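Report on one structure; see the data block that follows.
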Amino acid sequence: MNSEVYTNLKKMIDVNTPIIYIHDYDFTRVDFLLKQALGGATEIREWSPALGYQRIFRDDEGFLQRDKCLNGEKTELTDVLQIWLNKTKVKTEYLLLRDIQDEIETPKVKSLLQMIAQRKLYDLDFELTIFLNSSVNVVPKEIEKYVSFLEIPYPNEYEIKDLIREHVETNGYEAFDENAIDALMPSLKGLSLFEIDRMLDMAMSSGGTLTKEDKEMILRHKKQMVKKSGVLELVDSPENIDSIGGLKNLKEYLRKKSGVIKRIGEAIKAKVAVPKGVFIVGMPGCGKSLCAKATATLFESPLLKLDMGSLMGKYQGESEKNLRQAIKIAEAAAPCILWIDEIEKAFTGVGGSEVLTRMFGYFLSWLQEKTSSVYVIATANNAANLPPELKRKGRFDEIFYVDLPKEEERKQIFEVHLRKRDKHGINISDALVKATDGFNGADIESVVNEAVEDCFVNNQTFTDSVLLDFAKKTVSISKSCKTQIDEMNKIFKESNFKTA
Ligand code: ATP
């Protein structure tokens with residue numbers, strides 16, 4: 001593990017931090033970290049809902065072992081905390097509380113933790129350090145001020161290569177081809193050493209060497225990881241670039257980027273800049289979300305949707321932590337696409353709120369400094385109140401503006417939706433194209449849907465004139481939301497975004 005982690009952990013212990021939070025689901029890795037950082041003959045007491053109260057110690061061969069303390073699993077967390085609080089003298093001891101996200105919300109546990117932390121700060125005879133280790137990040141605000149958070153970065157390229165070498169040597173496998181390792185590297189990043197070891201074992205047992213299928217297996221594993229995390233939604237969509245009518249420039253742009261993303265290992269070696277992402281703003285129902293979904297298929301990458309609204313937590317500081325966690329998970333799931341839908345909803349109030357300003361600052365600097373293969377697609381309707389920093393160069397590679405479709409684009413959108421419903425050979429007449437002036441993609445889709453349904457119900461042959469009838473009956477977005485659409489048009493004309 002990265003030596004910086006040990007240094008940071010030791011520093012936190014040395015400066016008398018009462019509670020150290022280790023947010024990591026890989027408990028074996030945390031055991032190892034504590035064993036290394038605390039060194040020597042140190043014993044740790046541990047409490048978890050599953051195993052109760054235990055002592056962790058090293059056996060004669062240096063391996064970590066556990067045995068029960070008191071009456072083991074029958075001991076409640078509150079009893080354990082009370083025992084420690086009642087001690088008159090505690091000389092350099094450690095208590096590891098694992099997976100206590102449910103218990104930590106109860107008033108008694110909160111209060112006991114607060115009292116222990118206070119004693120640690122003011123009583124020189126009370127040297128108890130508490131480690132909280134959980135895969136779910138829950139720290140109530142009453143306790144937050146006593147807690148330092150230890151970030152555990154994922155293994156870097158060198159550490160992964162070392163592990164692969166070690167894995168090959170200890171298992172007596174044939175050495176992996178360097179090119180196969182380079183191709184696999186972006187997928188292995190974001191996994192713990194323990195997981196990489198497991199992945200390599202599975203890969204080897206399925207064919208004796210690393211292949212494209214192994215890359216897919218790793219991606220499947222990462223998808224599971226995202227699902228379990230709960231902060232991001234994994235979107236599985238069949239849409240592809242041919243499901244988009246019009247938006248020629250944007251499609252061409254994405255196709256080019258896919259050439260880099262799909263060979264990211266080689267691209268990095270050839271010093272090609274890792275694509276950061278694209279910002280798509282524009283009219284509602286014109287294909288922004290569709291583009292995000294189609295890009296995932298084009299890039300052959302998982303699509304992780306970040307809902308800014310659900311990030312806002314009930315505890316102070318929780319929203320920030322959630323954002324950090326979402327980004328950490330996206331980095332872990334890389335190569336992937338992080339789709340931030342309706343980004344304007346989250347960042348419009350920046351400046352007015354301290355929390356939002358901090359979150360925005362964190363997000364911007366992550367975006368700017370990002371080197372991982374997380375491709376960001378941000379989508380927004382309203383570009384009016386977006387902070388200008390978001391639009392500055394260096395954040396996104398490009399900003400595209402999606403307008404209401406022009407004649408030729410409307411024709412293509414009709415073709416896409418007719419094809420989807422197996423209505424081939426239908427003539428898209430000039431009259432139909434003209435009648436749909438001011439329609440967005442969603443309006444056109446609805447015309448097709450209604451026409452298809454109507455013909456089915458009435459056992460009628462499907463023709464372009466049925467489409468025209470429904471088009472004439474449809475109130476387009478330009479009519480139903482005229483003021484907003486006019487306003488958006490004005491704003492986009494003034495901006496210098498690229499036309500999609
Ligand atoms: P909003 O800003 O309201 O979220 P959006 O721009 O993200 O809208 P989408 O959700 O992508 O719009 O589009 C809604 C539906 O309209 C899509 O599912 C798709 O079927 C259809 N549609 C929109 N634009 C296009 C297009 N250019 N080509 C084909 N279908 C389209």
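Remarks
- Sulfur and carbon atoms: percent of accessible area, the range 4-119 [1.4 Å]: 51 percent
- All Cα pairs of the range 297-421, percent lying beyond 19 Å: 56 percent
- Entries in 248/493; 227/293; 321/490; 110/223; 321/345 that, when Cα-Cα distance is taken, lie over 29 Å: 321/490; 110/223
- Relative contact order of the chain, pairs being alpha-carbon contacts under 8 Å that are 6 or more residues apart, as %: 13 percent
- Estimated dipole of the range 346-500 in Debye, rounded to 20 [Cβ of Lys and Arg +1, of Asp and Glu -1, Cα centre]: 400 debye
- Rounded to the nearest Hz, the phi-derived 3J(HN,Hα) couplings of the range 274-284 under the Karplus curve 6.51 cos²θ - 1.76 cosθ + 1.60 (θ = phi - 60°) are 5, x, 8, x, 9, 10, 10, 10, x, 4, x, where x marks glycine and proline.
- Near-label residues of the range 254-294 by backbone N, under 18 Å of a point 7 Å along Cα→Cβ of residue 491: 279-289
- Were the residues from residue 182 through residue 237 laid out at 0.36 nm apart, the gain over their Cα-Cα distance would be 16.9 nm.
- A simple spin-label model places pseudo-atoms 7 Å from Cα toward Cβ; at residue 256 and residue 89 they are separated by 7.3 nm.
- Taking the 1.4 Å solvent-accessible surface of the range 242-388 as the whole, the part contributed by carbon and sulfur is 51%.
- Per-pair calculated FRET efficiency, R0 = 35 Å: residue 484 and residue 461 via Cβ, rounded to 0.05: 0.35
- Dimensions of the chain based on its C-alpha atoms, expressed as ranges along the principal axes with the largest first, amount to 89, 57, 48 Å.
- Burial ranking of peptide ranges 486-494, 188-196 (average Cβ count within 10 Å, highest at the top): 188-196, 486-494
- Folded to 0 to 90 degrees: helix 441-457 orientation relative to the chain principal axis, Cα: 70 degrees
- Using a Förster distance of 35 Å, the FRET efficiency for residue 205-residue 73 (Cβ separation, nearest 0.05): 0.45
- Mean ellipticity per residue at 222 nm, deg cm²/dmol - from DSSP H runs of n ≥ 4 across the chain, formula -39500 (n - 2.57): -15000 deg cm²/dmol
- Note on the chain: with charges restricted to the Cβ of Lys and Arg (+1) and Asp and Glu (-1), its dipole about the Cα centre is near 1100 debye.
- When the convex hull of its Cα atoms is viewed from all sides, the range 1-59 shows a mean projected area of 4.7 nm².
- Computed packing ranks the peptides 475-481, 438-444 as 438-444, 475-481, most packed first, by mean other Cβ atoms within 10 Å.
- By average C-beta atoms within 10 angstrom, highest first, the peptides 324-331, 425-432: 324-331, 425-432
- A full extension of the chain between residue 358 and residue 50 corresponds to an added length of 107.2 nm, given 0.36 nm per residue minus the alpha carbon distance.
- Normalised per residue, the accessible area of the chain is 49 Å², obtained with a 1.4 Å probe and no contribution from ligands, DNA or RNA.
- Across every direction, the projection of the convex hull enclosing the Cα atoms of the range 194-300 has a mean area of 9.0 nm².
- FRET efficiency for residue 368 and residue 28, using Cβ-Cβ distance with R0 set to 41 Å, rounded to 0.05: 0.75
- A compact globular protein would have a Cα radius of gyration near 2.2 N^0.38 Å; the ratio found for the range 424-500 is 1.34.
The values are calculated or read from the model by the stated rules, or taken from the named source; none is laboratory data. What you see is a predicted model, and the numbers here were worked out from it, not measured in a lab. Cβ coordinates were reconstructed from backbone atoms using ideal geometry, including for glycine residues, and neighbour counts include every protein chain displayed. Accessible surface is based on the protein model in full, side chains and every heavy atom, while ligands, DNA and RNA are left aside. Shrake-Rupley method; radii C 1.70, N 1.55, O 1.52, S 1.80 Å.
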